[in-house]
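Single-structure report; data block below.
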Amino acid sequence: MSTTSKAPTIDARPKRQATAKNIAAMKGGTPIVCLTAYITPMAARLDKHCDLLLVGDSVGMVLYGMDSTLGVDLDTMIRHGRAVCRGAKQALVVIDLPFGTYEESKELAFRNSARALSETGAGAVKLEGGVEMAETVEFLVKRGIPVLGHVGLMPQSVHTNGGYGARGRDVDEWQPIIDDAIAIANAGAFAVVLEGVAEPLARKITETVSCPVIGIGASSECDGQILVTEDMLGLFAINPKFVKRYMELGQSIEGAIEAYADEVRSRDFPSDDHTYKMRGSNS
Ligand code: KIV
């Protein structure tokens, strides 16, 4: 960004930020609008349209070119969490706990969740896992850490769960996923992300669990939706089936860069409009 151009919409309204409780109360009502955010100016733009902003560990793939989320560390999440909290005035900001920072024990999960909240100002953490993580979720919630669960396709388990394909397209795959969602909801999660599952399974889980179900690749049957912002803006060439591209940002960027490069080479940029003159001079 140019140092002289006007700053984006980081407005000066007092914070009246949504809480995990507010999101939990949206079960069965107007669908909950969620997107990922990693940086301040994007968070500021998304904030007034969204109920929840997730600082996802997808940051590793989207901003750092990693081929999975497994290499993301807690310091990275905290750095981006702080940036997002600076831009968000009203949406609940949730920090993803990265792989290796919570699975080993509930005490480790508490220590790292406490860091994620106290060092960023976010209002909740997200962790992946079902039945096996329920005890940890309960431990965190009872100690003041609101938790967003994440079941179905769990990208941090890509090596053990067999890739990124949709789950539950055969009925005999349903029960463990239903059990996972129920376990996390009953453990006290304020909501649960349900990723990459067939529509009838999403409907069944949404009807069954007490907390809101936020879908990604899980049909319109859920209580809310989340997407990776850069995916729905069309930044990347590859496009999963469940992503609707609301613009072609990648193409717009290329067009702008091509115009810039042409104008620099032809000396059309910078023009007089972008050039400092001596004080008192007319031109
Ligand atoms: O890391 C992430 O962005 C996520 C969402 C896709 C749910 O977990």
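The values are calculated or read from the model by the stated rules, or taken from the named source; none is laboratory data. Everything numeric here is computed off the predicted structure, so don't read it as measured data. As a convention, Cβ positions derive from the backbone with ideal geometry for all residues, glycine included, and neighbour counts pool all protein chains shown. For the accessible areas, the whole protein counts, side chains as well, though only heavy atoms, and no ligand, DNA or RNA atoms are used. Shrake-Rupley method; radii C 1.70, N 1.55, O 1.52, S 1.80 Å.
Summary of values
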| read-out | value |
| --- | --- |
| Residue 197 touching a Cys at 6+ places or on another chain (Cβ under 9 Å), aliphatic (A, V, I, L, M) and surrounded by 22 or more Cβ atoms within 10 Å (Cβ to Cβ) | no |
| Residue identified as within 16 Å of the ligand (Cβ to nearest atom), over 18 Å from the mean Cα position of the chain (by Cα) and under 21 Å from residue 97 (Cβ atoms) among 161, 186 | 161 |
| Residue, surrounded by the most Cβ atoms within 10 Å (Cβ to Cβ), within region 89-141, restricted to residues that are among the charged types (D, E, K, R) and touching a residue at least 40 places away in the same chain (Cβ under 8 Å) | 96 |
| Contacts under 7 angstrom Cβ, first residue in region 54-68 being of a type in the set (Val, Ile, Thr) and open to solvent by 70 Å² or more (accessible area, probe 1.4 Å), partner near the ligand (Cβ under 7 Å from one of its atoms) and not in a loop (DSSP other than H, G, I, E, B), 6 or more apart | none |
| Candidates 183, 166, filtered to the one that is over 25 Å from residue 18 (Cβ atoms) and in contact with a strand residue (DSSP E or B) (Cβ under 7 Å, 6 or more places away or on another chain) | 166 |
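Residue by residue, here is whether (1) assigned to a helix (DSSP H, G or I); (2) touching a residue at least 12 places away in the same chain (Cβ under 8 Å); (3) more than 16 Å from the ligand (Cβ to nearest atom) holds:
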{"residue": "177", "(1), (2), (3)": "yes, yes, no"}
{"residue": "181", "(1), (2), (3)": "yes, yes, no"}
{"residue": "202", "(1), (2), (3)": "yes, yes, no"}
{"residue": "225", "(1), (2), (3)": "no, yes, no"}
{"residue": "256", "(1), (2), (3)": "yes, no, yes"}
